[in-house]
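Some notes on the structure that comes next.
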Amino acid sequence: MNPARIARFGDSERYFICPICHDTLHLDGTSLRCANRHTFDIAKQGYVNLMPAAKQSPFYNSESFANRARILEAGYYDHIRDAVLDTIQRHIGVPADMGLAGLRGDARPAILDVGCGEGFYSRAVQRANPQADLLAFDISKDSIQQAAREDSSMAVRWFVGNLADLPVRSHAIDCMLDIFSPVNSEEFHRVMKDDAIVIKAVPGVHHDEQLRELARKQLRNTDYSNEQIIKQFGEHFDVLETSTVSRTFTMPPDDLRTFAHMTPLLFHVDIDALDLTQISALTIEARIIVARK
Ligand SMILES: [Zn+2]
């Protein structure tokens, strides 16, 4: 295997623990291994499966997955990505005059992308923050495979993992990224350093409202509320700031259809029964929350 694909796992003992016995994992050849000889091979794409019995969500089959990649690449989420990058820069950015040479070992901020999907945000974060150690995981092996394949930096430590039992050392992470993903507050608290932050994005209240309005007959409640998620999150973390990023795009019918198929807010709607020609624009909106432990 290309040694450059292995290099990022060279300091695995800093971050990774065995998903079976929770002992420290070390790089051993082309595998991560614990003292009890539990062994996890690094795949040729450059990720490691730390969840041997990984399950798939029925909503994230390969089709919804290809749809997501297409919509993300079309630029419809660039404003959200840029807001996330800006938030990282403001909270854990390294002053340019400090230089990369000064950042070794403990000085390198560690960022963990939770439920990273096909890696759209992780790859951008790594590009913008080469001084950081970026770890990214998802429960879906298919998405991690694709994420790793498209990571030209070969620097992101991709892994398949379980949010309820993270194969990550305690007090190892400076910044949790939780972009449209669930939170496990107990595990977040365990892996975060004492002064670490969480950057969380949830759909904004106007997110894809044109599609929800069109699907009104099929939806019990067309009003989407993120209040409950934000309230629950605030019970476990100390919220520092919140902001909303929103853009409304004129969308060609093909993109609207693709979008309708991929959005979780319409998972229980029969998309083919919707007359998508009735709308021509769609709002893509996120609420971004920054919080401390
Ligand atoms: Zn083990």
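Every number in this text was worked out from the coordinates using simple rules, so none of it is lab data. Quick caveat, the model's predicted, so the values are computed rather than measured. Because the Cβ atoms are built from the backbone with ideal geometry, glycine has one as well, and the counts that use them run over all protein chains shown.
Tabulated results
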quantity	calculated
Angle in degrees between helix 227-236 and the longest Cα principal axis of the chain, rounded to the nearest 10	20 degrees
Relative contact order of the chain, defined on C-alpha pairs under 8 angstrom at six or more residues apart (%)	18 percent
Ratio of the Cα radius of gyration of the range 198-293 to 2.2 N^0.38 Å, where N counts its residues	1.20
Peptide ranges 156-166, 281-291 listed from the most packed, as the mean C-beta count within 10 angstrom indicates	156-166, 281-291
Between helix 253-262 and the chain: long-axis angle, C-alpha atoms, 0 to 90°, nearest 10	60 degrees
Sites residue 216 and residue 22 - FRET efficiency at Förster radius 41 Å, r taken between beta-carbons, to 0.05	0.25
Under Karplus coefficients 6.51, -1.76 and 1.60, residue-wise ³J(HN,Hα) of the range 145-155 in Hz, glycine/proline x	4, 5, 4, 5, 4, 8, 8, 6, 5, 6, 10
Over the range 110-190: Kirkwood hydrodynamic radius from C-alpha pairwise inverse distances, Å	12.5 Å
Spatial extent of the range 56-292: Rg and Dmax, with the Cα atoms as the point set, Å	18.2, 59
Over 20 Å (Cα to Cα) - which of 141/200; 141/193; 200/293 fall in this group	141/200; 141/193
